[in-house]
2 protein chains.
Amino acid sequence: MAASLDTVFSALADPTRRAILAMLLEDDMAVTDVAEPFEMSLAAISKHLTVLSGAGLISQERRGRVKWCKLEPDALREASVWMQGFGMMDGLDLDAFERFLDAELADPSLLEEKE
Amino acid sequence: MAASLDTVFSALADPTRRAILAMLLEDDMAVTDVAEPFEMSLAAISKHLTVLSGAGLISQERRGRVKWCKLEPDALREASVWMQGFGMMDGLDLDAFERFLDAELADPSLLEEKE
DNA sequence: CGAAATGTCAACCAGTTGGTTGAATATGCG
DNA sequence: CGCATATTCAACCAACTGGTTGACATTTCG
């Protein structure tokens, strides 16, 4: 819950974790369902979720057997503000933003390996 | 430089490196001057600068004995767009999104002069 | 020339990261 | 109850990080 710039940026530095966030953009998901598209163990995904949770980027609520993961995009705000200080946000890159939207609407899983 | 989301976010995850970027916002600086306010060796700062350079966040130009470091805020753009996508999708930054729509509806050609 | 200043390189070290397995803990279901 | 499901825990491992120090190369300057 610290949600410092350190923890947020370092949580975002991993492509698996960014892909998870993109998936959660669609809908809340159970841990097992989050793990399904990835070629790694459930335990590894569980750790990634812990990191995301520690950065405040997601919240998790246990309901019965299942732990639901929910995106918390507010946690991005502090980092976003920090970046705005560098002046390249006086109007974001709209072309890129539109491409993001198109890609997102077409198929969220495509966001995984953008670069 | 690579400037992938991975390298940019992980470069930003370190407070020393963020502080360096903030310093370079003021002015271009020589490596020694960048290092001066920090309580660590010059070699450590040199490594941080290598990381920043690898992420495309700074450029370095050697002039005589001195290597000048220059902020390259464009490298933040891709990361910003990625983050902003989350805010937009959740109505967090609806203001900016509406401004985007307004601007586009008013005069789409204005959007070209971004760079 | 010889000395100081500017950086980087190489080796090293401790701590963190991202992954693996196998066991453990709840919870739900027939 | 007994078994499958959902998730974490614990130990372990290789690779990476962020720091150190001392040696090295280059450039400037008296």
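What separates the A:E26 label point from its copies, with the point 7 Å along Cα to Cβ, is 4.8 nm, written shortest first. Spin-label model, B:S59/A:S41: points 7 Å from Cα along the beta carbon direction are separated by 4.6 nm. Shown for A:T50: label points 7 Å from Cα along the beta-carbon vector, and their distances to the equivalent points in the other copies, 3.1 nm in ascending order. What is the calculated FRET efficiency for B:T16 to B:V66, with r their C-beta to C-beta distance and R₀ = 22 Å, to the nearest 0.05? Efficiency for this residue pair is about 0.55.
What shape does segment A:25-70 have by the C-alpha gyration tensor, where a ≥ b ≥ c are the square roots of the eigenvalues, rounded means a/c under 1.5, and otherwise prolate means a/b greater than b/c and oblate the rest? Please report the intermediate quantities before stating the final value.
On the way: a/c = 1.41, a/b = 1.14, b/c = 1.24.
In terms of gyration-tensor shape, rounded.
Just checking the output field for A:22-35: average partner chain Cβ neighbours within 10 Å of each residue's Cβ? If you can, show how the numbers build up before the last one.
On the way: counts 4, 0, 1, 4, 1, 0, 0, 0, 0, 0, 0, 0, 0, 0.
Rounded to a whole number, the mean comes out at 1.
What total accessible surface area, summed over both chains, is buried at the interface between chains A and B, computed with a 1.4 Å probe and given in Å² to the nearest 100? Using a 1.4 Å probe, the pair buries roughly 3500 Å².
The values are calculated or read from the model by the stated rules, or taken from the named source; none is laboratory data. Model, not experiment: these values are computed from the prediction. With ideal geometry, Cβ positions are generated from the backbone for all residues, glycine too; neighbour counts draw on all protein chains shown. These area figures cover heavy atoms from the full protein model, side chains too; ligands, DNA and RNA do not enter into them. Shrake-Rupley method; radii C 1.70, N 1.55, O 1.52, S 1.80 Å.
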